[in-house]
Amino acid sequence: NAGVTQTPKFQVLKTGQSMTLQCAQDMNHEYMSWYRQDPGMGLRLIHYSVGAGITDQGEVPNGYNVSRSTTEDFPLRLLSAAPSQTSVYFCASKRLGDGTDTQYFGPGTRLTVL
Amino acid sequence: GENVEQHPSTLSVQEGDSAVIKCTYSDSASNYFPWYKQELGKGPQLIIDIRSNVGEKKDQRIAVTLNKTAKHFSLHITETQPEDSAVYFCAAVSSGSARQLTFGSGTQLTVLP
């Protein structure tokens, strides 16, 4: 299994540009999520999904959109990038209902918005 | 919602010494507390976890303790090695069907040779 994969690894955008961060998992996990990591602030939840067709907001959802059309994929869209969105983004997944609560993280995407 | 505080933010120890990282949480309904290790340029990886029905759990050189009354939990690393150098995050899982993770702010551990 590849686990959780993310593309791209690095990205530089100009203010106002749009882009999509890709996330895929091959573990058939129901739950997928996006976090952003900023210095001194740990990881903060942006959006999450408990299954195909179901998404919900996390702690810091403003400026981001998500969709979940398949179990495997959970893309994160920035419609109009802002310098405040400069961060490292992590996707994670876990199985629901088996009592383990273990989340598996991808390698991250480092985004810089100029 | 849940709030997790983590201390210290940086920790330097000599190789072979022990390291302790402490976290407190606010939601008394939280019942799962994982610890993640993040190496430079990589995603966080689970190293140990504890549930609220246990007070202590050990896995080789790593142990975690939980005090539900005081709402705090700690990570203990004994006989530290240079490869233990990384950022460590504590987290708490909130109640609710999706059981969200709330992370502490992280501790940069440096093991000096």
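The values are calculated or read from the model by the stated rules, or taken from the named source; none is laboratory data. Fair warning: this is a prediction, and the values are worked out from it, not measured in the lab. For neighbour counting, all protein chains shown are included, and Cβ atoms are generated from backbone atoms with ideal geometry for every residue, glycine included.
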Subset of the stretch B:40-52, residues assigned to a loop (DSSP other than H, G, I, E, B) and either surrounded by 13 or more Cβ atoms within 10 Å (Cβ to Cβ) or without any contact (Cβ under 8 Å) to a residue 12 or more places away in the chain (or both), comes to B:41, B:42, B:43, B:44, B:52
When residue B:2 is run through (1) under 15 Å from the mean Cα position of the chain (by Cα); (2) within 13 Å of another protein chain (Cβ to nearest Cβ); (3) crowded, with 16+ Cβ neighbours inside 10 Å, the failure sits at (1)
Result of the Cβ filter at 6 Å on the stretch A:86-107, keeping first residues that are more than 7 Å from chain B (Cβ to nearest Cβ) and surrounded by fewer than 21 Cβ atoms within 10 Å (Cβ to Cβ) and partners that are of a type in the set (D, E, K, R) and part of a strand (DSSP E or B), at least 6 apart or interchain, is A:88/A:110
Of the listed residues (B:57, B:37), the one being charged (D, E, K, R), closer than 30 Å to residue A:111 by Cα, in contact with a strand residue (DSSP E or B) (Cβ under 6 Å, 6 or more places away or on another chain) and assigned to a strand (DSSP E or B) is B:37
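Could you say whether any residue in the stretch B:88-106 is at positive phi and surrounded by 16 or more Cβ atoms within 10 Å (Cβ to Cβ)?
Scanning the stretch B:88-106 turns up at least one residue that is at positive phi and surrounded by 16 or more Cβ atoms within 10 Å (Cβ to Cβ).
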**Prompt:** Do we find that residue A:72 is acidic (Asp, Glu) and within 13 Å of chain B (Cβ to nearest Cβ) in this structure?
**Reply:** no
Residues of the stretch A:7-27 being within 19 Å of residue A:84 (Cβ to Cβ) and in a strand (DSSP E or B), in sequence order, are A:10, A:11, A:12, A:13, A:19, A:20, A:21
With criteria (1) touching an Asp or Glu at 6+ places or on another chain (Cβ under 8 Å); (2) over 15 Å from residue B:83 (Cα atoms), residue B:16 comes up short on (2)
Note to self: Given the condition out of contact with any Phe, Trp or Tyr (no Cβ under 9 Å at 6 or more places or on another chain), away from every other protein chain (no Cβ under 14 Å) and modelled with pLDDT of 95 or more, answer yes or no: does some residue in the stretch B:84-104 qualify?
What the structure shows: yes
